[in-house]
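The values are calculated or read from the model by the stated rules, or taken from the named source; none is laboratory data. As the structure is a computational prediction, the values presented were derived from the model and not from experiment. Don't worry about glycine lacking a Cβ; one is built from the backbone with ideal geometry, like all the others, and counts go over all protein chains shown. For the accessible areas, the whole protein counts, side chains as well, though only heavy atoms, and no ligand, DNA or RNA atoms are used. Shrake-Rupley method; radii C 1.70, N 1.55, O 1.52, S 1.80 Å.
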Amino acid sequence: MKTITKATVILFLFGITTVQAQATEIFFTKANTFFNSYVSNGKVAYQEIKKQPKHLNELVALLKTTNVTADNVKNYQAFWINAYNISVIKNVVENYPLKTPLDKAGFFDKIKHNVAGKELTLNDMEHKMLRAVFPKEARFHFVLVCAGLGCPPIINKAYIPSMLEDQLQKQTEIAINNPNFIMVNKNKVKLSQIFEWYKGDFTQGGKSLIDFVNLYRKEKINAKAKVSFYPYDWTLNRQ
């Protein structure tokens with residue numbers, strides 16, 4: 001019987017790690033091509049994807065077998081952000097035509113997706129795989145796109161580990177400086193219901209909602225402005 005040496009084990013583990021890294025890189029590359037092909041100006045070509053689902057199906061297959069760990073923070077976050085956005089598109093395409101994602105019962109909390117070997121709903125991906133693991137990262141809310149026009153816009157590229165910090169920052173700034181997303185009228189401000197639903201994410205450390213918003217705004221809002229929330233627009237973000 002051959003003796004298994006420490007060096008053999010190290011080489012074996014190194015080989016697994018290398019294969020996993022290559023698979024993850026393939027996923028990010030294909031995801032980037034997919035978003036670039038089917039997303040424009042914050043809208044998704046759902047009808048086109050439904051007619052030609054090959055690229056979506058390839059991504060869904062990759063999602064099942066790609067594994068990431070939270071110790072590689074940017075790799076993990078980028079993977080699960082893309083996984084969420086791709087799974088939203090999959091839900092829409094499989095039930096298209098829809099006027100809103102809410103037209104399909106269980107869109108966010110019942111329909112499950114096999115991602116990284118786990119059976120997860122969209123809510124699971126957002127709340128268990130991202131928000132629970134990184135509770136201080138409120139910028140997730142500006143890159144996870146729910147298929148409604150009320151959500152910050154989906155971008156025509158994948159979220160990439162090496163670029164993720166810049167991408168999170170940019171998308172948060174774009175949303176918060178958009179007058180249709182943050183509506184300011186003198187000393188009154190209307191915020192997206194995202195800020196109402198996830199208030200705790202934005203007010204960590206004793207911040208107010210306006211404190212958080214002002215971190216990313218070019219034109220600061222009066223700290224004493226009266227805050228209210230406008231109704232969420234669930235109209236499908238289709239081209």
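Tabulated results
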| item | result |
| --- | --- |
| Placed amide H near Thr235: partners under 5 Å, 5+ positions off or other chain | Leu149, Gly150 |
| Net charge of Cβ neighbours under 12 Å - reference Asp201; Lys, Arg +1; Asp, Glu -1 | +2 |
| Potential lengthening between His127 and Asn32 on full extension [0.36 nm per residue; Cα-Cα distance subtracted] | 31.8 nm |
| Backbone HN-Hα couplings from phi across the stretch 153-170 [Karplus 6.51/-1.76/1.60, Hz, Gly and Pro as x] | x, 6, 9, 8, 7, 7, 7, 10, x, 5, 10, 4, 4, 5, 5, 4, 5, 5 |
| Difference of contour (0.36 nm per residue) and Cα-Cα distance, Ser228 to Asn95 | 44.5 nm |
| Carbon + sulfur, % of accessible area of the chain - ligands and nucleic acids excluded, 1.4 Å | 54 percent |
| Extended-chain gain in nm, criterion 0.36 nm per residue less alpha-carbon gap, Trp197 and Val184 | 2.7 nm |
| Probe 1.4 Å, protein heavy atoms only - accessible area per residue of the stretch 81-158 in square angstrom | 38 Å² |
| Euclidean distance of C-alpha centroids, the stretch 100-136 and the stretch 138-198, integer Å | 19 Å |
| 19 Å reach of a label modelled at Lys50, 7 Å along Cα-to-Cβ, counting backbone N of the stretch 97-130 | 97-108, 111 |
| For Cα Rg over 2.2 N^0.38 Å, calculated from these coordinates, the label among (i) 1.12; (ii) 1.06; (iii) 0.98 | (i) |
| Largest-first ellipsoid semi-axes for the stretch 136-213, taking √(5λ) over the Cα gyration tensor eigenvalues, angstrom | 21, 15, 11 |
| When each of Lys50/Lys112; Lys74/Lys170; Lys43/Lys90; Lys99/Lys136 is checked by Cα-Cα distance, pairs over 22 Å | Lys99/Lys136 |
| Projected area averaged over orientations for the stretch 26-142, convex hull of C-alpha atoms, nm² | 7.2 nm² |
| The chain, helix-only ellipticity at 222 nm - DSSP H runs n ≥ 4, -39,500 (n - 2.57), divided by all residues, nearest 500 | -13500 deg cm²/dmol |
